[in-house]
2 protein chains.
Amino acid sequence: MSNSVVIKKVMADDVRFPLKNGAGSDAIHTTPTYAYAVCKLITDNGYEGVGLAFTLGEGNNLVSDAIAYLGKHVQGKEINELMADFGKTYRTMMDDPNLRWLGPHKGVVHLALAAVVNACYDLWAKSHEIPLWQLLIDLPPEKLVNTLDFSYCEDILTRNEAIAMLQSKSSGKVRRKKILELGYPGYDTSIGWFNYSDEQVTDNIRRAMDMGFTAMKLKVGSAMAERDIRRAKLVREIAGDDATIMFDANQQWNLPQAIAICKELLPLNPYWIEEPTHPDDVEAHVRLAQEVPVKIALGEHVPNKVIFKNFLQSGCVSFNQVDAVRVGGVSEFIMISLLSKKFNVPVVPHVGDMGQIHQHLVLFNHITMDHPALLLEHIPHLKDYFVHPVNIVEGRYQTPQAPGMSTELKG
Amino acid sequence: MSNSVVIKKVMADDVRFPLKNGAGSDAIHTTPTYAYAVCKLITDNGYEGVGLAFTLGEGNNLVSDAIAYLGKHVQGKEINELMADFGKTYRTMMDDPNLRWLGPHKGVVHLALAAVVNACYDLWAKSHEIPLWQLLIDLPPEKLVNTLDFSYCEDILTRNEAIAMLQSKSSGKVRRKKILELGYPGYDTSIGWFNYSDEQVTDNIRRAMDMGFTAMKLKVGSAMAERDIRRAKLVREIAGDDATIMFDANQQWNLPQAIAICKELLPLNPYWIEEPTHPDDVEAHVRLAQEVPVKIALGEHVPNKVIFKNFLQSGCVSFNQVDAVRVGGVSEFIMISLLSKKFNVPVVPHVGDMGQIHQHLVLFNHITMDHPALLLEHIPHLKDYFVHPVNIVEGRYQTPQAPGMSTELKG
C-alpha cells in the first residue's frame, strides 16, 4: 500500500521536436514538427505524474494553455482516492459547463484532457512503484471500470456488462501473460514517409527487415495515384510476399477517389489501408467497404468514444487505431478498447506517443481483455528524448519495467 | 465597383458578457458567459471586417489566440480578389499541415476559422457598401460557388451540381424577395431557460406572445424527467394549442433515456425536439427516430460539413440547425445549406451570433436556394452590445440595411 500522494500543483509544458529530412511527412502533414503538450502533477513525495498529448507543432501552446483549466479538477486530490472513482472526475472534466462548448469532446480541449488524464494514470502507477501495464492488469474488474465514464455508450455497453465481460476473460490471463516474456510485435512506420525518395524507401525496408521487422507501412494519398501505386508495388517487391504491408492515405481521398485507388492497391495484398478518407465520415467508409473488399484501419483522428461507437456499429472498420494521446487519455482508451472488444475489432493503436504509453496499453488489452496481440506501431524519431525509451529487439517491444507509463522527457 | 481594399492587419479580440439571473442556462451549460472571439480585418479605406466565433466564456482566449495562425492566410490580400476564389483559401486554412492536427475541422481551431472567414465576408460586403444578404443574393451561381470548398462532399454534391441547383432556383427569386418586406419570422428561445422558475417561464411566455411571437422553446434535459414533463405541459397550457413549441435537451439524454422521454413529450405536439443526445452520435439519432415519431432538430454542436453530410444521409434530421459561428463561417454555412437543400431538410440556424449574421443568411437561403422561410431563433441578451442590433417587430426580423453582416460590437 502506497502512502498518501497528494497532487500539490499542476503544471503544463509546450515541448517541440523539429524533424529532419522528410521524417514524419505524409500526404497532408507535409512539414511536421512533433510536439507534446505535457501535464505534470507535482507531489511532496518525490513522485511526478507526467501526461502527454501529441500535436504537430503549431498551436501546441493552445493545448498546453488549456491544461490549466482542467487541472483544477485534480489539484489537491490524493491520487489513490482520485483513481478509486476516476470515471466521475473524467466526466466532470469532459463536461465542464463552459469549456465543453469548445468541443464537445474534441479538438484542443480534448487533447488537453488527454494530457491531464494520462498524468493521473502515470502518477497512480508511480505511487505504487510499478509500470502502468502491471497496475492495470492487476486491477479487479470493478476497480478498473470505476476509472471509466460510460456516458453516451449505455445503448451498447453498460457498466455491469463491462464488469461481466472482464470477469469472463479472467481465466485466460495467466496464459496470456506469456506476451510479457515474448515481447509485443512491432511494425515500422518509418520506412515510407511521404517525402522519402524511392531509393530511401528501398534502403529503409532492407534495414527494417535486418532489424527483425516483418510488418511495415507506406504513406500514400498522393495527388497522383500513379506515384502511390508505383511505390506500393516497390514495397511489396522489396519486402517480399511474406511481409505484412500497410498503406496509409492520411485522409487524402474523397469517396470516389478512395474506391478507385483501393481497387488498384488491393492486388498487392495490403494488411490494411489506413485513413482512406475524412475521419468524421462514417458513411463514406461504409460505402468504401461495400465497394472494395479492403480492410480499413482508422482512429488516429477519431476524437472520442461516441464516434468510435458509431464506426464500430457501422461494421466498416477492421482495425481500431485509437490513440491515448488523441482521445481523453488512458481512461477513454480503455473504454474504446472495451467497445471494440464487444464488436470483435482488434485495437492496433496509432502512437502519437511514439509507443511509450501504448506499449503498456496493448499488453493490458491483450492480457485483461483478450484482445489479440497483433502489432504496435513503431516510430523511432523521438527515442533520444525520453528517459525510458521503448526498447525493440528483433521487431518486438520489450516489456517496460520502470514505474509509471514511460512518459518522462529528458530535461 | 469598389476600390482596392487590402487587408493590412489581422487582429483578434476576446470579449465576454456575463449573463444574469439564469439567462442562457440549459441542462449542461449551467453557468454561461456569452463570449466572442473576434477577428478584425483592418484596411486603409476605412472599412473594417468583423468576424465572430461564439463560446461560453472560459477558454474563449484559446480561440482568439488561434485566429493569429489563420490570419496570415488573408493578410495582405485585396478582399475582392480573395473572395473571387475564396474556396481555395478556405481549404488552405482548413488544411494547414500543422494546425490541422488540432481538429481536423473541429474544436478551437475551427471556431477560429469561423471568425476569420466571417470577417472576410463582412469586409467583402462592406467594400461594396451593401448588407451581406444583398451581396449574396446578387452573386451569380458560379461566383457564389467559388467561395465554397467541396472537399469530402463530392460523393453527394459536386461543384457543377451546385451551380445547376442554384441556376434552377433563379426563376423564383423575384417572388421570394417578398420576404425582404415581410420580415423573417422569429422564435423566442429566452422564455424557458433551464434555471428559470415555473413562474418566470409563465410570465415570459405571456410577454413573448404580447410581442407577437407564436413560436417558443423550452429547455429540458433534466436529471428528473418529471421536471421536464411538468414544464413542457406548462408551456403548452400557457401558450395554447396553436403555438409552435419546441423542447431542447442540450444533449443530456443517452439513447434509452431519449427514447423514453421523447415518447412522453410527443403528445404535447412539439414542433421539434432539439439535441436529444450526443451531437456526434448519428446512429443514436437514427435509432431514436425509428423508435419515436419525433422531429429531431440538431446542429449547434456539429462542427463541419462532413458530419452534417452523414446526418443528412442518415435521414434522421428534420431541422438543420447549423450555426455560422460554430462551423467554418459563412462559407461552410452555405455549403451545408446546399447539402441540406439536396436532402430537402430545412435550415433553422442556431444563433450563437444572437441572429446578427444569421438574419442575412436565412434571407439568402430562402431567396437564392429556395429554402422555406420557417423560423429564426431570437436570443435578446446581447442586444445592447451591438452597433446594429437585430430589430424584431411583431415577431419578425426586419431586414437589415447597414453594410456588412451586422457584427460590430460597441467599443
Item to check | Overall form of the stretch A:141-262 per C-alpha gyration tensor (a/c, 1.5; a/b vs b/c) | outcome: oblate
Checklist entry - What is the Cα centroid distance between the stretch B:26-90 and the stretch B:319-381, reported in whole angstrom? => result 18
Checklist entry - Which pairs break 30 Å Cα to Cα here: A:K77/A:K177; B:K126/B:K173; A:K77/A:K341; B:K8/B:K106? => result A:K77/A:K177; A:K77/A:K341
Checklist entry - Considering only DSSP beta bridges whose two residues both sit in the protein assembly as shown, what percent are antiparallel, to the nearest 5? => result 55
Item to check | Dipole in debye (nearest 20) - the stretch B:173-397, about Cα centre, beta carbon charges: Lys, Arg +1; Asp, Glu -1 | outcome: 760
Checklist entry - Once you list every other residue whose beta carbon is under 12 Å from the beta carbon of A:H128, what net charge do they have if Lys and Arg are +1 and Asp and Glu are -1? => result -2
Checklist outcome for this item: Helix A:60-71 sits off the longest principal axis of the Cα atoms of chain A, rounded to the nearest 10 on a 0 to 90 degree scale, by 30
Checklist outcome for this item: In degrees, nearest 10, the alpha-carbon axis of helix A:198-210 is tilted away from the dominant principal axis of the alpha carbons of chain A by 60
Next on the checklist: Label position 7 Å from Cα toward Cβ: report the copy-to-copy distances for B:R16 in nm, one decimal, ordered from shortest.
Outcome noted: 2.7
Checklist outcome for this item: Length gained, B:L182-B:D44, 0.36 nm per residue minus C-alpha separation, equals 45.9 nm
Checklist outcome for this item: Other residues with Cβ under 9 Å from the Cβ of A:D65 give, with Lys and Arg +1 and Asp and Glu -1, a net charge of -2
Checklist outcome for this item: Rounded to the nearest Å, the spacing of the alpha-carbon centers of the stretch A:238-270 and the stretch B:214-270 is 49
Item to check | Loop-located trypsin sites (Lys or Arg not before Pro) in the stretch A:61-123, at most 12 other Cβ atoms within 10 Å (DSSP) | outcome: A:K72
Checklist entry - Using Cα pairs under 8 angstrom and six or more residues apart, how large is the relative contact order of the stretch A:7-129, in percent? => result 31
Checklist outcome for this item: The simple spin-label model distance between A:N195 and B:D384, using points 7 Å out along Cα→Cβ, in nm, is 5.5
Item to check | Taking the C-alpha atoms of the protein assembly as shown, convex hull volume expressed per residue in Å³ | outcome: 154
Item to check | Length gained when the stretch B:I229-B:Q290 is fully extended (0.36 nm per residue, less Cα-Cα span) | outcome: 19.8 nm
Checklist entry - Considering only the label points, 7 Å along Cα→Cβ from Cα, what distances in nm to one decimal separate A:D210 from the same position in each other copy, shortest first? => result 8.7
Checklist entry - Tell me which A residue has its C-beta closest to the axis rotating A onto B, and the distance in Å? => result A:G107, 1
Checklist entry - Roughly how big is the protein assembly as shown's charge dipole about its Cα centre, with Cβ charges of +1 (Lys, Arg) and -1 (Asp, Glu), in debye to the nearest 20? => result 380
Checklist entry - How high is the relative contact order of chain A, in percent, with contacts defined as C-alpha pairs under 8 Å that are six or more residues apart? => result 19
Next on the checklist: Given points 7 Å out from each Cα along the Cα-Cβ axis, report the B:N269 to A:M211 separation in nanometres with one decimal.
Outcome noted: 7.1
Checklist entry - With every protein chain left in place, what is the accessible area per residue of the stretch A:227-306 in square angstrom, probe 1.4 Å? => result 33
Checklist entry - A:D241 versus B:D138, label points 7 Å from Cα toward the beta carbon: distance in nm? => result 7.0
Checklist entry - In chain B, what percentage of the DSSP-assigned beta bridges are antiparallel, given to the nearest 5? => result 55
Checklist entry - Per-residue mean of other chain beta-carbon atoms within 10 angstrom of the beta-carbon, peptide B:280-290? => result 5
Item to check | Within 10 Å of each Cβ in B:55-66, the average number of Cβ atoms from other chains | outcome: 6
Item to check | Sparse-neighbour loop sites [trypsin sites (Lys or Arg not before Pro); the stretch A:1-41; at most 14 other C-beta within 10 Å; DSSP] | outcome: A:K8, A:K20
Checklist entry - In angstroms, what radius of gyration and Dmax does chain B have, counting Cα atoms only? => result 20.3, 61
Next on the checklist: Taking the Cα centre as origin and putting +1 on Lys and Arg beta-carbons and -1 on Asp and Glu beta-carbons, what dipole magnitude results for the stretch B:7-129, to the nearest 20 debye?
Outcome noted: 140
Checklist entry - Ignoring any ligand, DNA or RNA, what whole percent of the accessible area of the protein assembly as shown comes from carbon and sulfur when the probe is 1.4 angstrom? => result 49
Checklist outcome for this item: Looking only at lysines whose Cα falls under 21 Å of B:K20's and that sit 8 or more positions away or on another chain, we get B:K217, B:K219, B:K383, B:K410
Checklist outcome for this item: Under the Karplus relation with 6.51, -1.76 and 1.60 and θ = phi - 60°, whole-Hz ³J(HN,Hα) for the stretch B:392-407, x at Gly and Pro, equal 10, 10, 6, x, 10, 5, 7, 4, x, 10, 6, x, x, 10, 6, 9
Item to check | Nearest 10 degrees, 0 to 90: helix A:225-239 Cα axis against chain A principal axis | outcome: 80
Checklist outcome for this item: Contact-by-burial set, the stretch A:1-34, min loss 20 Å², accessible area of protein heavy atoms with 1.4 Å probe, reference chain alone, gives A:I28, A:H29, A:T31
Checklist outcome for this item: Straight-line reach check, B:K143, cutoff 13 Å on alpha carbons, 8 or more apart in-chain or any other chain, hits among aspartates and glutamates -> B:E81, B:D85
Checklist entry - Total Å² of accessible surface buried at the B-A contact, 1.4 Å probe, nearest 100? => result 5300
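The values are calculated or read from the model by the stated rules, or taken from the named source; none is laboratory data. All of these numbers come straight from a predicted model, not from anything done at the bench. Backbone-built Cβ (ideal geometry, glycine too); neighbour counts: all protein chains shown. Side chains are part of the model used for accessible areas, which takes the heavy atoms of the whole protein and leaves out ligands, DNA and RNA. Shrake-Rupley method; radii C 1.70, N 1.55, O 1.52, S 1.80 Å.
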